[in-house]
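The values are calculated or read from the model by the stated rules, or taken from the named source; none is laboratory data. For clarity, every value in this text was computed on a predicted model and none was experimentally measured. Heads up, the Cβs are rebuilt from the backbone with ideal geometry, glycines too, and the neighbour counts pull from every protein chain shown. Side chains are part of the model used for accessible areas, which takes the heavy atoms of the whole protein and leaves out ligands, DNA and RNA. Shrake-Rupley method; radii C 1.70, N 1.55, O 1.52, S 1.80 Å.
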Amino acid sequence: MLKKLPKTNLLLITFDQLRGDWVNRESPLVELPNIKKLSKNAWVAERCYTNSPHCVPARFSWITGLYPSQMALTKNQALDLPSDAPSIIRSLKSAGYYTALVGKTHWTKHDEPCDLRDNKKLMTKLGFDKVNEVAGPRALRRVRCDLTDRWEDAGVLEVQLKDLERRYASG
């Protein structure tokens with residue numbers, strides 16, 4: 001359990017396949033102006049190391065605080081994070097933070113057609129007040145979410161799905 005903290009904001013941004021030198025504050029290899037603005041008055045973890053080279057174990061690990069080996073999860077596989085798993089988000093909420101998630105989690109199975117909005121109960125139990133979960137590009141071929149609805153409303157859903165299928169047809 002986290003102790004009550006002074007009123008401050010905490011924004012955790014995670015990326016897939018991001019090298020630290022791409023966003024070095026002094027001389028970034030990739031210009032990300034909004035990240036740069038945020039980092040000017042922030043603590044930035046300049047040397048982060050993952051405890052797994054695989055996405056799913058790494059993502060399960062950072063929310064639970066457990067090593068992948070403690071969860072018998074050492075490779076990418078379709079699993080659902082149990083709602084009673086340890087959760088740093090639940091601890092932050094208990095400490096008085098408003099918690100929100102925007103983006104990809106991979107805390108649930110994406111190998112079969114589904115709608116990520118059906119995960120709301122799980123995300124609430126993990127400690128999130130608000131959730132807008134989006135699948136990664138491979139899963140977007142079969143998973144629905146707010147993003148796919150926006151594509152549909154814009155009349156580009158079929159074009160997007162065909163493009164994703166073409167790019168990821170080999171796996």
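When the chain is treated as a GNM, springs tying every alpha-carbon pair under 10 Å, which of ASN34, ASN119, ASN24 comes out with the largest mean-square fluctuation?
Answer for the Gaussian network model of the chain: ASN34.
Among LEU81, LEU32, LEU122, whose mean-square fluctuation peaks in a Gaussian network model of the chain (Cα, cutoff 10 Å)?
So, out of LEU81, LEU32, LEU122, the one fluctuating most is LEU32.
Take every Cα pair under 8 Å in the chain that's 6+ residues apart, average their separations, divide by the length, and report that relative contact order as a whole percent.
17 percent
First check a/c for the stretch 1-114, with a ≥ b ≥ c the square roots of the eigenvalues of its C-alpha gyration tensor; if it is under 1.5, answer rounded, and if not, answer prolate when a/b is larger than b/c or oblate otherwise.
oblate
Trypsin sites (Lys or Arg not before Pro) within the stretch 1-92: which are DSSP loop residues with at most 12 other Cβ atoms inside 10 Å?
LYS3, LYS4, LYS7, ARG19, ARG25, ARG47, LYS75
Given the -39500 (n - 2.57) contribution per DSSP H run of 4+ residues, what per-residue ellipticity at 222 nm results for the chain, rounded to the nearest 500 deg cm²/dmol?
Value at 222 nm, helices only: -8500 deg cm²/dmol.
Quick one: among ASP111, ASP129, ASP84, which has the greatest mean-square fluctuation in a GNM of the chain with alpha-carbon springs under 10 angstrom?
ASP84
So what's the gap between the Cα centers of the stretch 61-115 and the stretch 122-162, to the nearest angstrom?
17 Å
Given the Cα-Cα distance of LYS125 and SER83 and 0.36 nm per residue of separation, how much length would full extension add, in nm?
Extending this stretch completely gives an extra 14.5 nm.
For the stretch 52-59, just list the computed ³J(HN,Hα) in residue order, Karplus coefficients 6.51, -1.76 and 1.60, θ = phi - 60°, integers in Hz, with x standing in for Gly and Pro.
These are the phi-based 3J(HN,Hα) values: 8, x, 9, 4, 4, x, 5, 5 Hz.
Taking amide H positions as placed 1.01 Å from N in the peptide plane, with prolines and chain starts having none, which residues 5 or more places from LYS104, or on another chain, fall under 5 Å of its amide H?
It is VAL134, by chain and number.
What accessible area, in Å² to the nearest ten, does a 1.4 Å probe give for CYS114?
Counting only protein heavy atoms, CYS114 exposes about 50 Å² to solvent.
Taking only protein heavy atoms into account and a 1.4 Å probe, give the accessible area per residue of the stretch 1-113 in Å².
74 Å²
Using only protein heavy atoms and a 1.4 Å probe, report how much of SER94 is accessible, in Å² to the nearest 10.
Roughly 60 Å² of SER94 is accessible to a 1.4 Å probe.
Excluding ARG141 itself, what net charge comes from residues whose Cβ is under 15 Å from its Cβ, given Lys and Arg +1 and Asp and Glu -1?
+1
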